Each structure stands twice: as structure tokens, then as C-alpha cells.
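Below: the structure, in C-alpha cells.
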Amino acid sequence: MKEKVLITGFNGEIGSKILQELVKRGKSVIALDITDAKQEIASVKYIKDSILNFKLINHLFENNNITEVYHFAALLSQTAYKNPELANETNEKASKNLIDSACSHGINNGDMTRFFFPSSIAVYGPRKIDNASEQDIIKPTTVYGNNKLIIEQYGSRIHEESISKNIGLDFRSIRFPGVISYDTVPSGGTTDYAPQMIDCAKSNRLFECKLSPETTLPFIGIDKTVLSIIDMMNLDRIDSKLRAFNVEEVNFSVKQLKDFLLTKFPSFKITFKEDKNFQSVADSWPSSLNCSRANKYLNFQSEQSFESFVENILNR
Ligand code: AKB
């Protein structure tokens, strides 16, 4: 049977770009999301359904030779805060089910199914730290952070069991900071303040910021995000027990971004109205990440200045 790739949450900020990239690379894709495709690619099999439909997931693995999974369907931090039950169902229960199905498929195939899981800086906490390494204090304070951590650990455990037999699941994960795109403005996350502020500055709309000016968080651009996922999934093997790696291009404070945008868009207006839910989450996430492990195992490199990083987004 022809090898297939399954992408869940293909309509999201990262999923949509990964879908295009995998098609460009000649992969045969099954794309699942709860919303309709915005633009259909002829070679892709689109399915409008939920990852909570376990029957469907089962059916997909039984009837297709799925050798790679990119699992993006999830509720982001602020949406998860408002809907904790749905977050636990979607981010945790459905992710475990998908991992189990992918692993069983690998076992039946006598192979390892590659599984990509986008984790998050939300696994860190409870205090803000600088230059966080993967094993630094990991006590998330949010539902979302807990969901991400549980799946990292679940996937890593199944991976360990699989490699001893060389069949089952090959689990690979990246802990993403805030992701900034040039053509989509995400919502539902805590780091989404940055792409939203950039969008308001570009279109000369007032931006009401829910975080304090001194709040510092790490970020990565969408191009590097896509590249790091594709590169990671193309590696034959990642010889590391640690299965979740930090990546970051730049880190900056709310004020730094505001001041830079004002140099480009002098009439841009911003007001500050701190929101406890946003601020307390941002205060438990690292201000910067140590990426030395991603550099060693994934050859992840990034040497952007803050100014060129934002310029690149504005000029795309
Ligand atoms: C969020 O803010 O919820 C996400 C993330 C950092 O995981 N962007």
C-alpha cells in the first residue's frame, strides 16, 4: 500500500504550512480538521471531522499505510483555560489515542511510525526563568501546559518501549515558543499578543495589550518553524532519550516590540490593560530558551537580531 502522511489540525497556523510543504515534497497527504479547507489541493484527501472521533482515527489507520503523523489539532493556552474539559479531551485523551493508533500501525507494519508532536514553552513553570534548558523546572501552572507535558512524556515512554524492539512509534517533539507568521494572525494563545500587535500596527488599528510592557517571551518565525519540523522528521534517527527540544529565534519584551513598531508606523496607537489570565501565564513561561540540544541533535541554528526578525515579518 502507498505510504501516507496524516496531518491533524491542517487549517491551523503551522498545520497549513506543513501541509503545503509536504505536498511540495511529493508526499501523499490525508488532512484532518474540524473546519473546511480554505483552499483545496487536488492530491490531498481532506476530512472534516474531529480527532475525538476515535472510530474515524481507527478506520484511517486500518485502511491506509500511514507512516508519518503530524499532530497539530489542539486548543491553545487561553482557549484551554476557558474550556478545561474540552482541553483535556482534545489535547490529552485524543492525542494519546492517536499515539496508540500510530504505534499499533507501526507494530502491524513491522516498522516505526514517525510521530510529530508540537509541544510548547507552556511545559515550563511555575516561575519565569532565563535560558531554560529542557530539564529545567517543569511544573506547568496551566491546563494547556499540563496537557503538553503529559503527551511529551507519554510519547517518549512509548518511543522507549518501541526502540528496544525496533517497531512501534518514533516520537519526535519540539517545544515551540510564540510563533509569528506573515500571513495569519492567530488567537487563543498567550504569545499571540505579538502577531496581533504587528497586525494592528500594519493596518493602523488600536491595539489593546493584555500584557505588561516588561513581559519578555521567546519567539520563532513561521519559516523556521516549518523548517525545523521538516528537518526533524527527515532525520533517519534521533539518538537521544530526550524527545522534546527547545527552539527559539529571538526573545523580546512587549515594550521592545512596541517601540520598534512605532519607528516603522509612527501613528500606531497602543493601550495597556493588563489581563490577569494572560499575565499570570506569561509570568510562568521562560523569557528565553537554551537551544543547545536542538543544535546538537537537529542541527537547529538561528542567529537573527530582534530587528531583522521583525523586519522580515513586516516585509513578507
Ligand atoms: C500559546 O500561547 O498558547 C501558544 C504556545 C506558546 O504554546 N502560542
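Structural remarks
- Computed over the range 208-316, the P(r) curve from all C-alpha pair distances, binned at 5 Å from the origin, holds 2, 10, 18, 19, 17, 15, 10, 6, 3, 1, 0 percent per bin.
- Axis of helix 254-264 versus longest Cα principal axis of the chain: the two differ by about 70°, to the nearest ten degrees.
- Once backbone amide H atoms are built at 1.01 Å from N, Asn290 has Ala132, Ser133 as its partners under 5 Å, excluding neighbours fewer than 5 places away on the same chain.
- For the range 177-251, the Stokes-Einstein estimate of translational diffusion at 4 °C and a viscosity of 1.567 mPa s comes to 91 µm²/s, using the Kirkwood hydrodynamic radius over alpha-carbon pairs.
- Kirkwood Rh in Å, taken over all unlike Cα pairs in the range 76-204: 16.2
- Database remark: amide H of Ile180 closer than 5 angstrom to the amide H of Ile220, Gly221, Ile222 (H placed geometrically; neighbours at sequence offset of 5 or more, or on other chains; Pro and chain starts carry no H).
- Kirkwood Rh, angstrom, the range 254-316 [1 / mean 1/r, Cα pairs]: 14.8
- Other residues within the sphere of radius under 12 Å centred on the Cβ of Ser156, judged by their own Cβ, net out at -1 (K and R +1, D and E -1).
- Gyration tensor (Cα) of the chain, equivalent ellipsoid semi-axes in angstrom: 33, 21, 19
- The value for the range 44-101 of Rg(Cα) / (2.2 N^0.38 Å) is 1.20.
- Net charge of Cβ neighbours under 13 Å - reference Glu248; Lys, Arg +1; Asp, Glu -1: -1
- Annotation for the range 160-185 versus the range 38-116: alpha-carbon center distance of 13 Å.
- With DNA, RNA and ligands ignored, accessible area of Asp236 (1.4 Å probe; Å², nearest 10): 130
- Cα radius of gyration and Dmax for the range 1-58 (Å): 10.9, 31
- 1.4 Å probe accessible area per residue over the chain, in Å²: 45
- With Cα atoms, 0 to 90° folded angle of helix 143-165 axis to the chain main axis: 30
- Pairwise FRET efficiency - Asp130 versus Asp199, Cβ, R0 = 30 Å, nearest 0.05: 0.60
- Computed helical MRE - 222 nm, the chain, DSSP H runs ≥ 4 contributing -39500 (n - 2.57), nearest 500: -12000 deg cm²/dmol
- Equivalent ellipsoid, the range 164-206 (semi-axes from 5 times Cα gyration tensor eigenvalues, Å): 37, 9, 7
- Antiparallel DSSP beta bridges within the chain, percent to nearest 5: 10
- Using only Cα coordinates, the Kirkwood hydrodynamic radius of the range 63-152 works out to 14.2 Å.
- Only protein heavy atoms count here; under a 1.4 Å probe, Glu89 has an accessible surface of about 70 Å².
- Spacing of the modelled spin labels on Glu161 and Ala37, each 7 Å from Cα toward Cβ, amounts to 3.5 nm.
- Beyond 18 Å in Cα-Cα separation lie the following of the pairs Lys55/Lys93; Lys210/Lys258; Lys128/Lys276; Lys139/Lys273; Lys96/Lys148; Lys27/Lys241: Lys139/Lys273; Lys27/Lys241.
- Area projected by the alpha carbon convex hull of the range 17-120, averaged over all directions, nm²: 7.1
- Accessible carbon and sulfur surface of the chain relative to its total accessible area, %, 1.4 Å: 47
- Label-to-label distance for Asp231 and Asp259 is 3.1 nm, based on points extended 7 Å past Cα in the beta-carbon direction.
The values are calculated or read from the model by the stated rules, or taken from the named source; none is laboratory data. The structure displayed is predicted, hence computed values, not measured ones. Ideal geometry is used to build each Cβ from the backbone, glycine not excepted, and the neighbour counts take in all protein chains shown. With ligands, DNA and RNA removed, areas are computed over all heavy atoms of the protein, side chains included. Shrake-Rupley method; radii C 1.70, N 1.55, O 1.52, S 1.80 Å.
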